[in-house]
Amino acid sequence: MKDFNRIPRIEITHAPTPLEFAPRLSEELGCNLYIKRDDCTGLAGGGNKTRKLEYLLADAQQQGADILVTIGGLQSNHARQTAAAAAKFGFDCELVLGDVAGTPKADYYGNGNLLLDGLLGARIHRLELGEDRGVYAENLIDKLIGEGRKPYLIPIGGSSAIGSLGYVRCANEILQQISSQDIAIDQIVLATDSAGTQAGLLAGFIAAEVDLPVLGIAVSRNGKEQTQLVDVLLRQTLTQLGLDPDQAGGRVVANGNYYGEGYGITTEAMIIAVKRCAKLEGLLLDPVYTGKAMAGLMDLCAQGVIAAGSNQLFLHTGGSTGLFAYREVF
Ligand SMILES: Cc1ncc(COP(=O)(O)O)c(C=O)c1O
């Protein structure tokens, strides 16, 4: 394995983020629930993208880039954190954001993450439903190059083998915390979509030779497709670390039973999960990712698939700024 600490990185995250026990939720669910607070990574509302951006921005700096371009939905948490990181480290930032069918609309076009993107100084390219964000971004990159700029394209969700390194780092942070707090974790549960968070965590555990199960709850596709997506990125991340990609074999588990009708479209179970966490623990989840993941965790506990009395670690990947775009459903 390569020397992980020599991989270029800019320090942004307020790390280590807390690892907290959630006593009132644990009592309701019948398992011991610990929450890794990556909603508290510190960058303009926090969230999981901060850790990925530490490596992506270092790469952008090495390549001499002066402008960051990224892609997402209109209420993308990744876009908001990219805009914040760009501001902090002196890059310009262009966000290619697509509308999402089926989402509540009263505040979707001006509040939540989108409000903050503007405040953070990003230039927003708002695409209509059905417009191809990838093609738009490629044309934008060509235009910027033509104007003499040096753009750096960050893939959707910051999920590349470089971005995932942020969660390799987090895996080590978790291992240190569970060791120093003397907790035996049986499983990690998290929301998974563009795959970098789950792939990075698994790569980190494989590198540390730790066999800790990581259950991804998919928020936009079925379990089989999500598993394949994470598996591909896990293999790329292991290669990036100088490890054998075949160590990925069988490690990815993704459950596609909780995303409802699609990305960003609310489910009753998500709304209940968000309200329960707020009322029982003073904990703010989000409507698109962590709310659906927590709804999955709650249901799996109720069904007995997650064993009573087991120790579960929920990775809170952030996104609560998105609640303001979903006002009418709460
Ligand atoms: C709040 C939140 N949780 C989870 C995820 C999913 O992480 P990943 O895209 O790395 O799978 C995202 C991605 O946008 C997110 O914003």
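The values are calculated or read from the model by the stated rules, or taken from the named source; none is laboratory data. Since this is a predicted model, take the numbers as computed values, not measurements. Note that each Cβ is placed from the backbone with ideal geometry, even for glycine, and that neighbours are counted across all protein chains shown. The protein model used for the area step is the full one, side chains on, heavy atoms only, and it has no ligands, DNA or RNA in it. Shrake-Rupley method; radii C 1.70, N 1.55, O 1.52, S 1.80 Å.
Among PRO213, ALA65, LEU25, whose Cα lies farthest out toward the positive end of the dipole of the chain, if unit charges sit on the beta carbon of Lys, Arg (+1) and Asp, Glu (-1)?
Sorting the options by dipole projection puts first ALA65.
Relative to the Cα centre, what is the charge dipole magnitude of region 219-330, using +1 at the beta carbon of each Lys and Arg, -1 at the beta carbon of each Asp and Glu, and rounding to the nearest 20 debye? Each step should come with its number before you reach the end.
Working: 9 positive and 10 negative charges, 39 e Å.
Computed about the Cα centre, the dipole is about 180 debye.
How large is the dipole of the chain about the Cα centre if only Lys and Arg carry +1 and Asp and Glu carry -1, each at its Cβ, rounded to the nearest 20 debye? List each step's numbers first, then the result.
On the way: 28 positive and 37 negative charges, 75 e Å.
About 360 debye.
Return a whole-number percent for the relative contact order of the chain, with Cα pairs under 8 Å and 6 or more residues apart as the contact set. Before the final figure, lay out each step's value.
On the way: 699 pairs, mean separation 75.8, N = 330.
Taking the mean separation of contacting Cα pairs over the length of the chain, I get 23 percent.
Summing Lys, Arg as +1 and Asp, Glu as -1, what charge do residues with Cβ under 12 Å from the Cβ of THR290 carry, THR290 excluded? Please list the in-between numbers first.
Values: positive: LYS36, ARG37, LYS292; negative: ASP38, ASP39, ASP193, ASP286.
Within the 12 Å Cβ shell, the charges total -1.
Could you give the length gained by full extension between SER310 and TYR136, i.e. 0.36 nm per residue of separation minus their alpha carbon distance, to one decimal place? Could the numbers behind the result be given before it?
Details: separation 174, 0.36 × 174 = 62.64 nm, distance 4.69 nm.
So the extension gain works out to 58.0 nm.
Write out the GluC sites (Glu not before Pro) in region 10-56 meeting two conditions: DSSP loop, and at most 16 other Cβ atoms within 10 Å of their Cβ.
Details: sites: GLU11, GLU20, GLU27, GLU28, GLU54; in loops: GLU11.
Loop-located and lightly packed - GLU11.
So for the pair GLN303, GLU27, with labels modelled 7 Å out along Cα→Cβ, what separation do we get in nm?
Result: 2.8 nm between the two label points.
Report the Cα-based extents of the chain along its three principal axes, largest first, to the nearest Å.
60, 49, 33
Given bins 5 angstrom wide, list per bin the percent of all Cα-Cα distances in region 49-158, short to long.
Whole-percent P(r) values from 0 Å outward: 2, 13, 25, 24, 20, 10, 4, 1, 0.
Calculate one ³J(HN,Hα) per residue across region 24-35 by plugging θ = phi - 60° into the Karplus curve 6.51 cos²θ - 1.76 cosθ + 1.60, and present them in order as whole Hz with x for glycine and proline.
Working through the residues one at a time gives 6, 5, 4, 4, 5, 7, x, 10, 8, 9, 10, 10 Hz.
Run the quick spin-label model on ALA278 and LYS143: label points 7 Å from Cα toward the beta carbon, then report their separation in nm to one decimal.
Between ALA278 and LYS143, the label points sit 3.8 nm apart.
Within a Cβ distance under 12 Å of GLY250, other residues only, what is the Lys/Arg minus Asp/Glu net charge?
That sum, taken over residues with Cβ under 12 Å, equals -2.
Run the simple label-point estimate for GLU128 and ASP3 please: 7 Å along Cα→C-beta, distance reported in nm.
With each label placed 7 Å out from Cα toward Cβ, I get 5.5 nm.
Based on DSSP loop calls and a cut-off of at most 14 other Cβ atoms within 10 Å, the longest stretch of the chain free of exposed trypsin sites (Lys or Arg not before Pro) is what?
Result for the longest clean stretch: 106-330.
Only residues of region 295-312 count here: report those whose backbone N is under 17 Å from the spot 7 Å along Cα→Cβ of VAL210, or say none.
Within reach of a label on VAL210: 311-312.
How many Å² of accessible area per residue for region 49-158, probe 1.4 Å? Let's see the in-between values first.
Working: 4400 Å² over 110 residues.
For region 49-158, the per-residue accessible area is 40 Å².
With n ≥ 4 as the cut-off for DSSP H runs, can you work out [θ] at 222 nm for the chain, using -39500 (n - 2.57) per run divided by the number of residues, rounded to the nearest 500?
-12500 deg cm²/dmol
GluC sites (Glu not before Pro), restricted to region 62-148: which are DSSP loop and have at most 15 other Cβ atoms within 10 Å?
Sparse-neighbourhood loop GluC sites (Glu not before Pro): GLU128, GLU131, GLU147.
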